[in-house]
1. Okay, which of the range 27-60 sit inside 12 Å, backbone N to the point 7 Å along the Cα-Cβ direction of residue 85?
2. Out of the DSSP beta bridges found with both residues in the chain, what percent are antiparallel (nearest 5)?
3. Quick one: what are the phi-derived ³J(HN,Hα) couplings along the range 60-67, Karplus 6.51/-1.76/1.60 with θ = phi - 60°, whole Hz, x for glycine and proline?
4. Net charge around residue 59, counting only other residues with Cβ within less than 14 Å of its Cβ (Lys, Arg = +1; Asp, Glu = -1)?
5. If you place +1 on the Cβ of every Lys and Arg and -1 on the Cβ of every Asp and Glu, how big does the dipole about the Cα centre of the chain come out, in debye to the nearest 20?
6. Which value, in Å², gives the accessible area per residue of the chain when a 1.4 Å probe is used on the protein heavy atoms?
7. Roughly speaking, to the nearest percent, how much of the chain's 1.4 Å accessible area is carbon and sulfur?
8. Return a whole-number percent for the relative contact order of the chain, with Cα pairs under 8 Å and 6 or more residues apart as the contact set.
Amino acid sequence: AFLAAARAGDFAALLRLLHPDVVVDADDTIAIRPPAIRGAEKAARYFAGRAQAARAAIAGTEVGALVTRGDGSSLFLRFETKAGKLFRITATTDPAFLRRAVSM
């Protein structure tokens, strides 16, 4: 549902799916780490109209999205939930983690 709402730019749907205190960040495998995005409204604005190259995926027991970028590299967005909503979205490019990622 999150990926569909992001692709469609459905701001209202994104707000329903995101925890009010959601944090979007990157781990230390991301070469240039952007500042964290905090709060549902900011995160919804960030993701609205995006995720065109994202596919739902799992890596071990972690659920998220596998993104193949224009240069052929990949990253995984790890999804953590709280109270049935996305509470934390963390980007990683860790090669060992990416090898375990399987698109659904």
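The values are calculated or read from the model by the stated rules, or taken from the named source; none is laboratory data. What you see is a predicted model; the values in this text were computed from it and never measured. Positions of Cβ are backbone-derived with ideal geometry, glycine not excepted, and every protein chain shown enters the neighbour counts. Each accessible area value is taken on the protein alone, full model and side chains, heavy atoms only, with ligands, DNA and RNA left out. Shrake-Rupley method; radii C 1.70, N 1.55, O 1.52, S 1.80 Å.
1. The answer is 39-44, whose backbone nitrogens lie closer than 12 Å to the label point.
2. Counting DSSP beta bridges with both partners in the chain, the antiparallel share is about 80 percent.
3. x, 9, 8, 9, x, 9, 9, 10
4. My count for the surroundings of residue 59 gives 0.
5. Dipole size: approximately 200 debye.
6. On a per-residue basis, 57 Å².
7. Values: 3270 of 5890 Å².
Carbon with sulfur: 56 percent of the solvent-accessible area.
8. On the way: 213 pairs, mean separation 30.0, N = 104.
It rounds to 29 percent for the chain.
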